[in-house]
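Working notes, beginning with the structure itself.
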Protein chains: 12
Amino acid sequence: MAIASISTITSASPDGWQQAAELGFERARKTLRGITGIKVLEEKARVEDGQIVEYLVTLQVIFLLEESEEG
Amino acid sequence: MAIASISTITSASPDGWQQAAELGFERARKTLRGITGIKVLEEKARVEDGQIVEYLVTLQVIFLLEESEEG
Amino acid sequence: MAIASISTITSASPDGWQQAAELGFERARKTLRGITGIKVLEEKARVEDGQIVEYLVTLQVIFLLEESEEG
Amino acid sequence: MAIASISTITSASPDGWQQAAELGFERARKTLRGITGIKVLEEKARVEDGQIVEYLVTLQVIFLLEESEEG
Amino acid sequence: MAIASISTITSASPDGWQQAAELGFERARKTLRGITGIKVLEEKARVEDGQIVEYLVTLQVIFLLEESEEG
Amino acid sequence: MAIASISTITSASPDGWQQAAELGFERARKTLRGITGIKVLEEKARVEDGQIVEYLVTLQVIFLLEESEEG
Amino acid sequence: MAIASISTITSASPDGWQQAAELGFERARKTLRGITGIKVLEEKARVEDGQIVEYLVTLQVIFLLEESEEG
Amino acid sequence: MAIASISTITSASPDGWQQAAELGFERARKTLRGITGIKVLEEKARVEDGQIVEYLVTLQVIFLLEESEEG
Amino acid sequence: MAIASISTITSASPDGWQQAAELGFERARKTLRGITGIKVLEEKARVEDGQIVEYLVTLQVIFLLEESEEG
Amino acid sequence: MAIASISTITSASPDGWQQAAELGFERARKTLRGITGIKVLEEKARVEDGQIVEYLVTLQVIFLLEESEEG
Amino acid sequence: MAIASISTITSASPDGWQQAAELGFERARKTLRGITGIKVLEEKARVEDGQIVEYLVTLQVIFLLEESEEG
Amino acid sequence: MAIASISTITSASPDGWQQAAELGFERARKTLRGITGIKVLEEKARVEDGQIVEYLVTLQVIFLLEESEEG
């Protein structure tokens, strides 16, 4: 019986939304084992002094609850 | 003062969405104490070789934060 | 000229969402004549002491306004 | 490279929404090969003479486009 | 690289929605370090014996993941 | 078996949205017995001659259908 | 203090959606005093034997609760 | 057992949205047998040189899958 | 490189929603050059003394930013 | 013929959302003549060092286009 | 008279969402003549063994119905 | 007291959505001082003769109202 949980995170990159999502995934897998997918909820950017300083992406991260937790 | 938190999970059953929700609740209460309610967000099914192999339900689980945590 | 009105109700059953909707329809037709349809808006459940005590369904009930009212 | 297409159908059963979805899936796989999933969009019921005569479910059906079509 | 996570809570106050949100924030910061913002998702009230007994607010709480977690 | 009905009202106050909701609740309980909750759907204000003359709130009012009606 | 209530109706006309809304308003004011506005929620049409037989419009009807009711 | 499918089309008319929907229905029934209804999803207009040159309407078209297809 | 801006307006007509949208477009093109399209967001009507006194339509107006502004 | 335009602003107050909306209205009427209403779109708060430093409200501001502009 | 139809597809690429959309368009134009536009509905990614194995994009594809079909 | 305004624009690039958003921001900052952020609302593409000729992105642009305007 597969049970998954969904977390929501926001990550940032100076390079673009694709990169921000990749960084968010990299960060998420450090604490969450069993990730099976991500989903983009929102794409924004923060501007300072007339320059885009970071692209921000809000992601849902889906991960399986581990067997040991289920036992 | 009542404070509740909301988690989102996805669970599955070969028998139907009602059963998938019941299994998701059974799984959730193993790790979350003080559950007061659930809410259905999405109902899907996964198909393999022309057969529905599992019904999937995404649930919000609402649970009270415990006194010891609040103290 | 057909004119219909839409009411919103919430009903409950200990057995499941399908049953809660059937009970809600049974209750609605005691006061509303000329029902032509129902539509599910929301499915929730209430939990007490680690058990689901009732499945809750919010329904739109569509019913025709009667001729005598229209006359 | 996986490419999938999404169709929307509505199916009906006198027995309940779970059954209506199963019948809709049965019907869909007669014309669509490579179905990988379904998703519930809407649950309604049609009423005649004070009785629910059919439960209606609107489903998205996801299916892979076949290799021969892609070639 | 800033990474934030989003939690959802519900809090209550007998005095109003503004106060319920403030109480929810007070509670959230006891367990979550690095909160950068909150967002109101829903405002409700619970009624008993013809009196509003508590105002309920559902909040998203946004908080930074700490350096030690990222290291 | 608990069955509830949902009505939608709009109420107004010159003092603010919190007060408009309280007035709406006061008004609603004069005609509806068994209210169990309210939910805020929309907050607006009406302006005349450069002054806000009333704060407007649209509320869902949930109330139980009485036993005598159910009997 | 102005308090308004909101009802939802569906009306039909063989001539078009504008006409269906006008007929719905005509019907609504036979039973509801103090109407201040309407709002279109949905526009559909019913087809039989390859012809559109009626245009259907779902309307919110906003009406003031009367003083005598408030007194 | 009734099974219906839903297609989405966009049609245009220089005369208005009502006319655009009627033209879209006329076009749809040339290729789709068994249409039972349409639903308006979006109303737009295209402007050239300061004049509205066509009103655009996006429609869902609901049609029954034929017996021969089901057999 | 085409850049467009989007404004939102509300316009009114005693004759119907189609006419209200046409009047809104006429008004908008007096101040906005380079309009390329409009989109209907909401259709309402205002009622006084039991009569619809004006049909109200909320429109998005899309217009190109002019070259001189871009230079 | 009444034509209104809709602007969106975000305003802030250290005291609460009600106050933030009032300040936003005060600011808006300095540049916009003929305001007839406001509508709340979003309520958030910004947190620094474990304290809410400002409540933020996003508002739609509705204002009539002036006669001189229409002439 | 322009009539367009809208199909929904999901496509995938190991490289990113921009590439997944381009591949989906390439695939769509093999079977659909007269495509005039695409629209992104959803961006997800599938993860296996701690790696993103494909970026998934759900697209609406808008295409003109051909003259020969209309004739 | 911080007050921000929100404008909506659409921009285009032959290279992709990331580039279209960057171009839209470049264009926006020529006329709007004090931009603090952007948010993606919609991603589309326009197709001619079987080729994507431009990627289109609809953006909200958030900018502070200047002190001199506030004075």
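The values are calculated or read from the model by the stated rules, or taken from the named source; none is laboratory data. Predicted model, so just to flag it, every value in this text is computed and none were measured. Cβ placement follows ideal geometry from the backbone for every residue including glycine, while neighbour counts extend to all protein chains displayed. When the accessible area is computed, the model is the full protein with side chains, heavy atoms only, and any ligands, DNA or RNA have been set aside. Shrake-Rupley method; radii C 1.70, N 1.55, O 1.52, S 1.80 Å.
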Accessible surface buried once I binds G (1.4 Å probe; total of both sides; Å²) = 1000 Å²
Looking along the axis that carries chain D onto chain B, the residue of D whose Cβ comes nearest, with distance in whole Å, is D:Q18, 4
With the calculation restricted to Cα positions, what are the radius of gyration and Dmax of chain C in angstrom?
-> 14.6, 54
Given charges at beta-carbon only (K, R positive; D, E negative), |dipole| of region E:1-43 in Debye | 320 debye
Return the FRET efficiency for the residue pair B:R33, E:D15: r is the Cβ-Cβ distance, R0 is 30 Å, and the value is rounded to the nearest 0.05.
-> 0.60
Mean accessible surface per residue for region B:4-70, computed with a 1.4 Å probe while every protein chain stays in place, in Å² | 43 Å²
For chain E, calculate the relative contact order in percent as a whole number, restricting contacts to Cα pairs under 8 Å that are 6 or more residues apart.
-> 43 percent
Roughly speaking, what is the centre-to-centre gap between chain C and region J:5-71 when only Cα atoms are used, to the nearest Å?
-> 39 Å
Under the Karplus relation with 6.51, -1.76 and 1.60 and θ = phi - 60°, whole-Hz ³J(HN,Hα) for region C:12-26, x at Gly and Pro, equal 9, 8, x, 9, x, 6, 4, 5, 4, 5, 5, 5, x, 5, 4
Rounded to the nearest 20 debye, dipole of region D:10-71 from Cβ charges on Lys, Arg, Asp, Glu = 20 debye
Too-long pairs where the Cα-Cα distance tops 29 Å, listed order kept, from A:K39/C:K44; D:K39/G:K44; F:K39/G:K39; C:K39/E:K39 = C:K39/E:K39
Counting only protein heavy atoms with a 1.4 Å probe and every protein chain in place, the carbon and sulfur fraction of the accessible surface of region L:4-70 in whole percent equals 46 percent
Where trypsin sites (Lys or Arg not before Pro) fall in DSSP loop in chain H, at most 15 other Cβ within 10 Å | H:R33
Debye-sum result for the protein assembly as shown in log10 I(q)/I(0), which assumes one identical scatterer on each alpha carbon, at q = 0.10 Å⁻¹ | -1.39
Only helical DSSP H runs with n ≥ 4 go in: add -39500 (n - 2.57) per run for chain H, normalise by residue count and round the 222 nm mean residue ellipticity to 500 deg cm²/dmol.
-> -7500 deg cm²/dmol
In debye to the nearest 20, how big a dipole does the protein assembly as shown give about its Cα centre with +1 on each Lys and Arg Cβ and -1 on each Asp and Glu Cβ?
-> 0 debye
